[in-house]
Amino acid sequence: MNIGVTIDCPDPDSVAAFWEQFLGYQRRPVNPDSPYVTIERPADADGLSHITFQRVPEPKEIKARVHLDLFVENAQQTFDAMVSAGALPLQTTEAGQWTTRTLQDPAGNEFCLIGPD
C-alpha cells in the first residue's frame, strides 16, 4: 500500500515547486491542463509515497484539520530557507531540545517544522 496526501491550493505548480525544494521529491509528468500536480518520493527515501496538489478556486478560510510534520536535524537553518522561499511563520513552541515551528506554505497550508536548532 502506498499512502499519499492531497493538498488544495490555487496554484499547484508553484506550491509543488516549494515542496520539491524541501522534501527532495520529484514531479510526476502531468497533462498541462490537469488541475493536479504530484510530487513523488525517491525510491530510496523515507516519507509519504507522494503528495498531490489540487487546484481549487475557493480560498482557504479555516485552519486545516490535517497538516504535514517535517522532522529535521537543524530546524533553524531549514526554517530560514523555507521563509526565504515563501513560507510564512505563524508560531514557535519550545519543548526542551526540540523546537516546533508552525508555518504556512505559499498557498496558506499549515505545516510544522520540528527539530533542534
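Bear in mind that the values in this text are calculations on the coordinates, not laboratory data. Model, not experiment: these values are computed from the prediction. Cβ sites come from the backbone with ideal geometry, for glycine too, and all protein chains shown count toward neighbours.
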Would you check if residue 74 is more than 13 Å from residue 109 (Cα to Cα) and free of Cβ contacts under 8 Å to residues at least 24 places away in the same chain?
-> no
The one condition residue 91 fails out of (1) in a helix (DSSP H, G or I); (2) touching a Ser or Thr at 6+ places or on another chain (Cβ under 6 Å); (3) not hydroxyl-bearing (Ser, Thr, Tyr) is (1)
Counting only residues that are farther than 28 Å from residue 30 by Cα and charged (D, E, K, R), region 66-77 contains a total of 1
Checking 86, 108, 96, 47 in turn, the sole residue that is closer than 18 Å to residue 18 by Cβ, free of Cβ contacts under 8 Å to residues at least 40 places away in the same chain and small (Gly, Ala, Ser) turns out to be 47
For region 48-70 the number of residues that are out of contact with any helix residue (DSSP H, G or I) (no Cβ under 7 Å at 6 or more places or on another chain) and either farther than 29 Å from residue 91 by Cβ or surrounded by 12 or more Cβ atoms within 10 Å (Cβ to Cβ) (or both) is 10
